[in-house]
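Asks: The structure's right below; bear with me while I get my questions together.
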Amino acid sequence: MTKRGSLFGSKTETAAPPAAEPAPVTESRPYLVAENRRYPVAKTRENKRVATVYLAPEVLMQLKVLAAKEETTLQELLVEGVNKVFESRQMGRLA
């Protein structure tokens, strides 16, 4: 039985599949494609940055249940919470 060669030892190049040409951006699309991005951006996220929070599983579950009961989204509940923090510090609503 012969030993198989290392996957990292030989660097044979394979032909890359031809790149698909992206579809033109039209007004009917619900997102924008910025010139410096490789992916579409939803209009609701335009000019916004992401902030991440780590929550215990039971906290996240409680937030999801609350969102379902109020027929809203986690995003809207979290923005409401951020605004409450700003208001409690007399900074005004920004989010």
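Any read-out appearing in this document is the output of simple, stated calculations on the displayed coordinates, not a laboratory observation. Since the model is a prediction, treat every value here as computed from it, not as a measurement.
Asks: Quick one: if you take sqrt(5λ) for each eigenvalue of the C-alpha gyration tensor of region 31-88, what semi-axes come out, biggest first, whole angstrom? Mind dumping the intermediate values first?
Replies: Details: eigenvalues 142, 42, 30 Å².
Semi-axes (√(5λ), whole Å): 27, 14, 12.
Asks: Spelling out what I want: for every residue of region 56-67, take phi, set θ = phi - 60°, compute 6.51 cos²θ - 1.76 cosθ + 1.60 (Karplus), and round to whole Hz; glycine and proline get x.
Replies: Couplings: 5, x, 5, 5, 4, 4, 5, 5, 5, 5, 4, 4 Hz.
Asks: Collect residues whose amide H, placed 1.01 Å from N in the peptide plane, falls under 5 Å from the amide H of residue 41; neighbours closer than 5 in sequence don't count.
Replies: 32, 33, 34
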